[in-house]
Amino acid sequence: MKTDKLKSALTHHTSFSIIIPFRNEVENLNTLLESLSSLNYPKSHFEIILIDDASTDASVAFIEAFQQQTKVSIIVIENERFSASPKKDALTKGISRAQFEWIITTDADCKVPDLWLQHFDQKIRAEDSKFIAGPVSFFASAGFLNRFQQLDFLSLQGATIGSFGLQQAFMCNGANLAFSKTEFLRLNGYAQTDHLASGDDVFLMQKFIKEIPEKIHYLKTSEALVRTQTQPNWKSLTEQRKRWAAKASVYTSWFAILTSLLVLLGNASLFLVIFYPEIWLLVLLKIAGDFLLIWQTASLFNQKKGLIYFPLVAVIYPIFTVYIALASQFGKFEWKGRVFKK
């Protein structure tokens with residue numbers, strides 16, 4: 001019923017500038033561009049801006065060829081580096097070129113749903129929002145590594161939804177994010193955090209929360225779910241998660257810091273059952289809590305098939321998490337062919 005109402009809406013009150021940085025994404029661009037060209041929204045009410053972050057493959061040529069074949073209007077600009085964060089620089093460049101008030105971001109390895117902009121438009125008008133975080137999930141793929149990432153990501157999405165519900169939001173994902181350009185500029189964008197390679201999403205949200213907490217919302221619907229690619233191997237996954245975790249030490253939200261510590265201690269405590277078998281009940285309660293969170297999120301996103309892998313993931317996940325937490329704070333990580341320090 002909701003979908004039918006959205007499809008039949010005759011008036012759209014929000015115009016969007018879709019901002020997407022990319023670097024060497026020729027293998028993923030077709031999926032992204034096809035989904036953008038299929039958006040069920042008036043073409044006059046959105047623009048697509050792609051920012052090339054020094055690609056060395058055929059990404060730009062592919063975009064140009066796609067435009068010629070489909071007649072989809074896409075603005076392609078080159079990134080200008082001025083900080084230690086290439087992605088924040090690219091986003092800043094794209095936002096500076098945006099002609100519309102609402103900025104919506106995603107990544108080049110993503111696929112957006114047909115009613116993506118419809119749902120953001122509805123949320124903006126219903127809630128008078130200034131910052132909206134949307135749901136993100138992985139494409140369904142076979143194999144344990146892919147299922148491991150899917151369940152891990154479902155737990156992160158569940159924690160995100162829960163934190164918004166408690167009005168203590170501390171996570172979001174730049175693959176599905178919308179915010180007011182006016183407020184972005186007023187808050188000085190990514191300044192003060194552009195010395196960190198990652199965190200374009202979370203640190204920006206923290207700025208919005210500090211100034212206008214009542215205007216921050218979560219778009220809780222599977223029909224606005226953006227899908228992205230899993231990492232192809234354990235090395236790539238490790239580097240990705242080290243990049244994500246590196247920003248934890250500079251969180252300003254007490255709730256985020258406390259939650260991060262509790263998650264780390266909870267996973268580390270699973271090792272203690274080897275030496276203190278009497279705590280097995282606490283371990284089972286922790287695992288049951290994890291399963292409940294993942295099950296609820298998987299139900300929301302219609303992804304319950306992967307839950308069959310949960311027992312094996314529950315064994316490996318604590319080891320992986322503790323390693324990532326330590327490695328991210330004391331080491332380096334690689335991203336898009338570049339090496340970054342914490």
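Some notes on this structure:
- Seen against the Cα atoms of the chain and their longest principal axis, helix 144-165 is set at about 80 degrees.
- Shape category assigned to segment 182-240 from the gyration tensor of Cα positions, a/c cut at 1.5: oblate
- Segment 212-339: relative contact order as a whole-number percent, Cα under 8 Å and 6+ apart: 44 percent
- Theoretical FRET efficiency, 1/(1+(r/R0)^6), r = Cβ-Cβ of residue 127 and residue 30, R0 41 Å, to 0.05: 0.75
- Convex hull of Cα atoms in segment 1-134, direction-averaged projection (nm²): 8.6 nm²
- Within the straight-line cut-off of under 18 Å between alpha carbons, the aspartates and glutamates reachable from residue 93 are 47, 52, 53, 78, 80, 101, 107, 183, 194, 200, 201, sequence neighbours fewer than 8 places apart in one chain being disregarded.
- Stokes-Einstein D in µm²/s, Kirkwood radius over Cα pairs - segment 136-199 at 37 °C with 0.692 mPa s viscosity: 231 µm²/s
- Within the accessible area of segment 94-137 (1.4 Å probe), percent carbon and sulfur: 35 percent
- For the residue pairs 123/181; 181/215; 111/210; 242/286; 111/304, the alpha carbons lie more than 22 Å apart in 111/210; 242/286.
- Whole-number accessible area per residue in Å² for the chain, which is evaluated in the context of all protein chains at 1.4 Å: 47 Å²
- Carbon-plus-sulfur accessible fraction, segment 190-267 (probe radius 1.4 Å, protein heavy atoms only): 61%.
- Residue 243 accessible area, 1.4 Å probe, all protein chains in place, Å² to nearest 10: 30 Å²
- Accessible surface, 1.4 Å probe, highest first, among residues 305, 332, 181: 305, 332, 181
- When nucleic acids and ligands are ignored and a 1.4 Å probe is applied, residue 283 ends up with an accessible area of around 20 Å².
- Cα gyration tensor shape of segment 202-342, rounded if a/c is under 1.5, else prolate or oblate by comparing a/b with b/c: rounded
- In segment 167-229, GluC sites (Glu not before Pro) in a DSSP loop with at most 15 other beta-carbon atoms within 10 Å: none
- Within the listed set 66, 153, 82, the Gaussian network model of the chain (springs between alpha-carbon atoms below 10 Å) gives the highest mean-square fluctuation for 82.
- Hull volume in cubic angstrom per residue (convex hull over the Cα atoms of the chain): 139 Å³
- Between the Cα long axis of helix 234-245 and the first principal axis of the chain there is an angle of about 80°, rounded to the nearest 10.
- For segment 228-302, the alpha-carbon coordinates run over 40, 34, 27 Å along the three principal axes, in decreasing order.
- Length-normalised contact order for segment 40-182 - Cα pairs under 8 Å, 6+ apart - percent: 27 percent
- Estimated at the nearest 10 Å², the accessible area of residue 91 is 0 Å² with a 1.4 Å probe.
The values are calculated or read from the model by the stated rules, or taken from the named source; none is laboratory data. Predicted model only: the values in this text are computed from it and were never measured. When we count neighbours, we look across all protein chains shown, and the Cβ atoms used for this are built from the backbone with ideal geometry, even at glycine. Quick note on the areas: whole protein, heavy atoms, side chains included, nothing else; ligands and nucleic acids left out. Shrake-Rupley method; radii C 1.70, N 1.55, O 1.52, S 1.80 Å.
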